[in-house]
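Note sheet for the following structure.
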Amino acid sequence: MEIMDGRVATIHYTLTDDDGIVIDKSSPEAPLSYLHGAGNIVPGLENALTGKKVGDTLTADVTPELAYGPRHEQLVQQVARSAFPEGADITPGMQFEAHGEHGPLVVMVTEVGDEQVTIDGNHPLAGRNLHFAVEVVEVREPTEDEANHGHVHGPGGAHH
Ligand code: ZN
């Protein structure tokens with residue numbers, strides 16, 4: 001059975017950056033399941049997987065345009081340290097949810113000064129090329145619920 005829109009695919013993947021540093025990978029006992037064509041994974045990887053079968057291995061080099069998009073420097077902002085709760089331990093790498101123009105936005109603290117804190121609302125992988133090494137381990141038809149919800153249930157997917 002080939003991977004096509006509307007089918008559930010299960011994959012093992014390793015994601016590396018331009019320097020070959022591993023950014024993310026599926027754990028051996030928990031491969032990733034997703035609904036193909038539903039925007040569950042980045043478009044560049046989805047494109048590369050179309051038509052693949054169980055046992056196929058592939059690599060996909062994905063540009064930011066087909067991954068998490070370009071970086072927007074206007075999403076990097078300085079806020080007064082006093083805007084944070086008093087006594088809060090603010091450290092670089094911390095993430096929190098802020099109210100953006102288009103709804104909730106996850107922002108990361110990138111620098112902490114005495115008076116100012118720098119926050120970055122870009123996705124951590126925005127502006128970066130992504131290199132995937134993938135093995136297809138299962139392809140199946142979705143259940144009715146999965147098709148209706150637009151995502152996979154059970155192992156590797158949503159639990160509800
Ligand atoms: Zn669901």
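Its Cα centre serving as origin, the chain has a Cβ charge dipole (Lys and Arg +1, Asp and Glu -1) of approximately 300 debye. Each residue, Asp61 and Asp24, gets one label point 7 Å from its Cα in the Cβ direction; the gap between the two is 2.1 nm. Report the paramagnetic label zone for Asn148: residues of region 8-37 whose backbone N is under 19 Å from a point 7 Å from Cα along the Cα-to-Cβ axis. The answer is 8, 35-36.
Checking every one of the trypsin sites (Lys or Arg not before Pro) in region 16-69 against DSSP loop status and a limit of 13 other Cβ atoms within 10 Å picks out Lys53.
When DSSP assigns beta bridges and you keep just the ones with both residues in the chain, what percent turn out antiparallel, to the nearest 5? Don't jump to the answer; show the numbers that get you there.
Numbers: 38 of 39 bridges.
Roughly 95 percent of the DSSP beta bridges within the chain come out antiparallel.
Percent of Cα pairs in the chain per distance bin of 5 Å, from zero to the largest separation: 2, 8, 14, 16, 15, 14, 11, 9, 6, 3, 1, 0. Taking the inverse of the mean reciprocal distance over all distinct Cα pairs, the Kirkwood hydrodynamic radius of region 73-120 comes to 11.0 Å. Extending 7 Å from the Cα toward the beta-carbon at both Ala126 and Arg140 defines two label points whose distance is 3.7 nm.
Measuring r between the beta carbons of Asp114 and Val76 and using R0 = 22 Å, the FRET efficiency lands at 0.70.
Keeping all protein chains in place, calculate the accessible area per residue for the chain (probe 1.4 angstrom), answer in Å².
On the way: 9610 Å² over 160 residues.
Heavy-atom SASA per residue in the chain reads 60 Å².
Could you compute the longest span of the chain free of GluC sites (Glu not before Pro) located in DSSP loops and having at most 11 other Cβ atoms within 10 Å, not counting the site residues?
On the way: sites that count: Glu29, Glu86, Glu101, Glu115.
Longest gap between qualifying sites, sites excluded: 30-85.
The values are calculated or read from the model by the stated rules, or taken from the named source; none is laboratory data. If you're wondering where the values come from, they're calculated on a predicted model, not measured in any experiment. We place every Cβ from the backbone using ideal geometry, glycine too, and count neighbours over all the protein chains shown. Protein only, heavy atoms only, side chains kept; ligands, DNA and RNA dropped before computing areas. Shrake-Rupley method; radii C 1.70, N 1.55, O 1.52, S 1.80 Å.
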